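**Student:** First the structure, then my questions, so here it is.
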Amino acid sequence: MANITAADVNKLRQMTGAGMMDCKKALQENDGDFEKATDYLRKKGQKLATKRADKDANEGIVIARANEAGNYAAIFMLNCETDFVAKNQEFVDFTNALMAKAMEKQPAGIDAFKALDLNGRSVEENITEMVGKTGEKMELAHFETIQAESVYAYNHPGNRLATIVGFNKKGIENLDQAGHEIAMQIAAMAPVAIDQNGVSTDIINREMEIGKEQARLEGKAEEMIERIAQGKLNKFFKENTLLSQEFVRDNKLSVGDYLQKVDKGLTVTGFYRFMLGA
């Protein structure tokens with residue numbers, strides 16, 4: 001058996017970021033072979049990920065970014081179990097490295113993102129290695145992108161909430177300001193769709209049923225129930241679809257009205273909003 005020195009253990013720790021005792025055992029189990037010891041630690045991370053699959057991973061980081069060309073934006077949520085790990089600088093740096101890779105390669109979806117090469121391994125394998133280092137379950141819970149004429153990203157302080165939004169025009173005066181304002185609007189007001197045409201049938205049916213039941217409890221005549229419920233649904237659309245919402249910066253305007261003031265015909269093509277715990 002190879003003679004494992006403290007210097008060897010420290011070297012492997014520097015290479016992998018794993019704990020001292022884990023590194024020592026990895027070297028002992030693999031006769032001092034650093035490459036095999038590294039694979040051993042990676043396998044340990046995989047086993048650890050499986051072992052902790054029943055744990056909750058409700059902490060983490062939400063991050064959004066737009067590329068330099070301003071036509072591609074990505075947003076993802078990387079979950080872990082504790083706030084302690086979420087605020088650890090290595091974890092923060094890791095999520096930033098993942099986002100930098102997304103900006104470079106511009107994957108279209110979560111599977112393509114997980115398969116990207118980062119430091120000779122896939123993004124998914126890198127996440128597994130972080131499980132081995134931290135001892136916590138981690139999960140890439142969400143990953144979405146927008147490609148549009150113009151895109152903007154907003155990261156709320158604390159890395160728990162972020163948004164991305166796309167627009168149908170570019171090169172317009174004051175568009176950068178408008179893009180930032182609408183990205184923050186989405187963060188603050190959590191719209192469910194761009195307009196009522198984007199609201200799912202399930203949500204519409206649920207809101208109609210709620211409206212009908214509220215009207216009945218208020219003692220309204222049965223022949224009025226449908227119309228009252230429709231009125232409540234219209235109010236829901238106004239409060240919960242982006243273009244119809246009151247603009248946070250000036251509640252005398254809707255978001256749609258504000259965009260028309262910036263440039264006639266300017267509108268939102270898509271958006272995403274992720275928040276930890278939501």
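**Student:** Among the residues of region 84-96, is any more than 22 Å from Glu136 (Cα to Cα), at pLDDT below 95 and aliphatic (A, V, I, L, M)?
**Tutor:** no
**Student:** Of all residues in region 149-168, which are within 12 Å of Val62 (Cα to Cα), of a type in the set (S, T, N, Q) and in contact with a Phe, Trp or Tyr (Cβ under 7 Å, 6 or more places away or on another chain)?
**Tutor:** The answer is Thr163, and nothing else.
**Student:** Right, another one. Across region 76-92, which residue is surrounded by the fewest Cβ atoms within 10 Å (Cβ to Cβ) among those that are assigned to a loop (DSSP other than H, G, I, E, B) and of a type outside the set (Ser, Thr, Tyr)?
**Tutor:** Ranking the candidates gives Lys87 first.
**Student:** Conditions: (1) modelled with pLDDT of 95 or more; (2) over 15 Å from Thr95 (Cα atoms). Glu209 meets all but one. Number of the miss?
**Tutor:** (1)
**Student:** Determine if region 192-215 includes at least one residue that is buried (at least 19 other Cβ atoms within 10 Å of the Cβ) and among the polar types (S, T, N, Q).
**Tutor:** No, region 192-215 has no match at all.
**Student:** Are any residues in region 206-245 in a helix (DSSP H, G or I) and either closer than 28 Å to Gly166 by Cα or in the same structural domain as Thr163 (by TED's automatic domain parsing) (or both), and if so, which ones?
**Tutor:** Glu207, Leu233, Asn234, Lys235, Phe236, Phe237, Lys238, Glu239, Asn240, Leu242, Leu243, Ser244
**Student:** Condition first: in contact with a Ser or Thr (Cβ under 8 Å, 6 or more places away or on another chain) and in a strand (DSSP E or B). Now tell me which residues in region 57-75 satisfy that.
**Tutor:** Across region 57-75, the qualifying residues are Glu59, Ile61, Ile63, Ala64, Tyr72, Ala73, Ala74, Ile75.
**Student:** Can you name every one of the strands (runs of 3 or more DSSP E) wholly within region 113-168 that holds 1 or more residues which are at pLDDT below 95 and among the aliphatic types (A, V, I, L, M)?
**Tutor:** It comes to 139-147.
The values are calculated or read from the model by the stated rules, or taken from the named source; none is laboratory data. These figures come from a predicted structure and were not determined experimentally. Here Cβ is always computed from backbone atoms with ideal geometry, including for glycine, and neighbour counts include all displayed protein chains.
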